[in-house]
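See below for the structure under consideration.
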Amino acid sequence: MIPLTQRTKLRLIAAAYAGVVAFSGLLIFWRIVQYKLHPDDADQYGGMWAGGDLMLAVFIAGMLLVTTFFLIAVLRNDEAGYNTYSKALTGVALSLPLCIALSFLPVGPWWLGTVSISRMVAMPLALILYLVSWVATSFRAARRRIAIAALIEVGTIVVSVALLMGRKG
């Protein structure tokens with residue numbers, strides 16, 4: 001077996017991410033086509049169609065998660081790379097409060113709400129990602145950033161649920 005360099009491994013992972021994004025785009029496009037071809041079914045069986053949308057969102061998040069596990073394995077002993085990765089995780093965590101805020105906008109493009117809700121649905125998978133990333137590293141700064149990202153994620157959910165509970169009462 002030929003050993004691969006770090007750069008080659010990262011390029012392969014980047015190609016895998018590109019493939020996942022392209023395949024996800026194709027799946028989403030096909031789902032939109034299904035809505036256009038069968039509008040009566042989508043209206044009559046809205047709950048079933050919503051369930052299909054949920055499964056698609058979880059499937060796409062799962063594909064991204066598997067690819068990220070390979071990235072974690074490659075970066076595990078690279079402090080600079082893992083620090084960059086932990087900064088990206090913090091950005092992912094900050095996307096949750098942004099998506100929740102955007103979902104309350106009364107107007108906007110249809111895809112904005114879809115993306116926002118998909119990010120909210122992926123929250124449990126993001127928590128699994130933070131946990132695996134935190135356990136996989138031995139670098140102190142990266143661990144701290146990943147813990148902060150997880151706290152942002154959990155805190156956003158707690159605040160959102162508290163606000164919704166206060167609204168109902």
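Coordinate-derived values only; no laboratory data. For clarity, every value in this text was computed on a predicted model and none was experimentally measured. Here Cβ is always computed from backbone atoms with ideal geometry, including for glycine, and neighbour counts include all displayed protein chains.
For the reader, a short list of remarks on this structure follows.
- Max mean-square fluctuation residue, GNM over the chain, Cα-Cα springs under 10 Å, options LEU105, LEU27, LEU89: LEU105
- Inter-part distance where the range 21-52 and the range 134-162 are each reduced to a Cα centre, Å: 34
- Estimated at 0.36 nm per residue, the fully extended path between ALA162 and LEU54 surpasses their Cα-Cα distance by 36.5 nm.
- Loop chymotrypsin sites (Phe, Trp or Tyr not before Pro), the range 74-111 (other Cβ atoms within 10 Å of the site Cβ: 13 or fewer; DSSP): PHE104
- Think of each Lys and Arg Cβ as +1 and each Asp and Glu Cβ as -1; about the Cα centre, that makes the dipole of the chain roughly 700 debye.
- When shorter helices are ignored and each DSSP H run of at least 4 residues is given -39500 (n - 2.57), the per-residue value for the chain at 222 nm works out to -30500 deg cm²/dmol.
- Pairs of alpha carbons in the chain whose separation is greater than 20 Å (percent): 61
- Neighbourhood net charge (15 Å Cβ-Cβ; Lys/Arg +1, Asp/Glu -1) for HIS38: -2
- Counting charges near TYR85 (Lys, Arg +1; Asp, Glu -1) among other residues having Cβ under 13 Å from its Cβ returns a value of +2.
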